[in-house]
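See below for the structure under consideration.
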Amino acid sequence: MNLIDGKKRREIKYGIEKRVVTLPDGTSLPSIGQGTWHMGEDPKMKEKEVKALQLGMELGMKVIDTAEMYADGGSERIVGEAVKGRRENVFLVSKVYPHNAGLDRIVKACEKSLKRLGTDYLDLYLLHWRGSVSLEETIEGMEILKKDGKIKRWGVSNFDTEDMNELWDTKNGNNCMINQVLYHLGSRGIDYNLVPWLEEKNMPIMAYSPLAQGGSLRRQLLTNPVIQEIAEKHNVQPLQIALSWTIRSNNCLAIPKAVQEEHILANAEAAAIELTNDDLNKLEKVFPKPTRKMPLDII
C-alpha cells in the first residue's frame, strides 16, 4: 500500500485526531473509526483485510468495531491479526449475541471473543440487539465483566428511544456508554427523538453503515446533484460529503467499512471536511429530518 506518503499520512491523522467524540466517562475518540462487517468471510481476502485495518490505524482511525456474529467469529480473528503488536494504540469494540447476553453465557462469550482477538480486554462491549434476556440480567453480566477487567466499558446496539428509556430506568443502566445504530443521510429516522435523547444524556451514537449498505441508497448518495455540488465546492468525493455530514454534530462516531486503499483514505480524509451552514441547509432540504416517529432502521 503506497498511495499515501508519510507527510500526507501525518496530515490525515492530524485531521482525524482533531475531530473527536466524548463518551460519558470522558474518553475522547476520533469521530471516524473502522467497521468490519463481512470481513473474515473469504480466506483469500485475509491479508488484504488485515492490511486495510492497519492502514486505517496508521491514519488515526483507531476505533475498530467487530462482533462475534460477523463471519461466525472470523471478523474478530481478522481484527486480532491486524492489532497484533499494536493493541495499546487501538480502541477495540465487539458485540455479544442477544442469546449469549444472559449471566450463564455472557462471560464465556466475551472470553471467546477475547481469544479470537488475541487480547485480555475489550475497550467497549455492546449488546448487539435486544433479545429475550432481560436488561437487568445483561447489565449485571456487563458489570461483572467490567469488575473482572475483561471489558473497560459497555454499551448497546440497535436500541430505539423506548429501549433506551427502559435501560436508563434499570439498575446501572446509566453506565451505558454508547448506542450503535444505522445512520446516514438516507436514513434519518433517529433524528426525530433518539438523537435528542442521547444528546441530553451526553451519550454519542456509533453510526454503522454511514455510507449506506451498497445498492440503490448508496447510488442515490453518489449521484445526488446537491451532494455532487457540495463535493465539487470542497474538491472532495460525494461519499466524503455524506460521511462528513454524519459526524457533523461531534456526537457521532461513524464506522465505515473499507478494504480498498483509496476508500480507506477517502474515509479518513472526510474528518477534515468542514461543512458550512449553507451546505447543511442544502442537504437538509434534500434529506430532511423526519417530522414524526419512524421505526428504527436495522440491517
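Please treat every number below as a calculation from the coordinates, not as lab data. Note that this is a predicted model, so its numbers are computed, not measured. Here the Cβ positions follow ideal geometry from the backbone for every residue, glycine too, while neighbour counts run over all protein chains shown.
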Value of [θ]222 nm, deg cm²/dmol, for the chain, DSSP H segments ≥ 4, -39500 (n - 2.57) each, nearest 500: -12000 deg cm²/dmol
Farthest positive-ward along the chain dipole, Cα basis, beta-carbon charges - from 63, 179, 298: 63
Cβ-placed point charges (K, R +1; D, E -1), dipole of the chain about Cα centre in debye, nearest 20: 600 debye
Principal axes of the chain: Cα extent on each, largest first, Å: 55, 46, 34
Residue of 220, 34, 54 that the Gaussian network model of the chain assigns the largest fluctuation, springs spanning Cα pairs under 10 Å: 220
Of the DSSP H helices in the chain, those whose Cα atoms cover at least 15 Å axially and whose Kyte score averages -0.5 or more: 106-117, 135-147
Gaussian network model of the chain, springs between alpha carbon atoms under 10 Å - residue of 111, 88, 199 with greatest fluctuation: 88
Candidates 198, 280, 114: whichever shows maximal mean-square fluctuation once the chain is modelled as a Gaussian network with Cα springs under 10 Å: 280
Sparsely packed trypsin sites (Lys or Arg not before Pro) within the range 218-299, loop by DSSP, other Cβ within 10 Å at most 10: 292
Neighbour-count order for 86, 9, fewest beta carbons within 10 angstrom listed first: 86, 9
Positive minus negative residues near residue 232 (Lys, Arg vs Asp, Glu; Cβ under 15 Å): -1
Counted charge near residue 91, where neighbours are those whose Cβ lies closer than 12 Å (Asp, Glu -1; Lys, Arg +1): +2
Only Lys, Arg (+1) and Asp, Glu (-1) charged, at Cβ; the range 5-147 dipole about Cα centre in debye: 660 debye
Reachable lysines, given that their alpha-carbon falls under 28 Å from the alpha-carbon of residue 8 and they are not under 8 places away in the same chain: 18, 46, 48, 51, 62, 84, 233, 257
Trypsin sites (Lys or Arg not before Pro) within the range 99-173, DSSP loop, no more than 11 other Cβ atoms inside 10 Å: 171
Largest to smallest principal axis extent of the C-alpha atoms in the range 152-206, angstrom: 35, 22, 17
Share of pairwise Cα separations in the range 75-168, more than 19 Å, in percent: 38 percent
Dipole magnitude of the range 166-258 about its Cα centre (Cβ charges: Lys, Arg +1; Asp, Glu -1), debye to nearest 20: 280 debye
Fewest-first sequence of 65, 160, 297 by Cβ atoms within 10 Å of each Cβ: 297, 160, 65
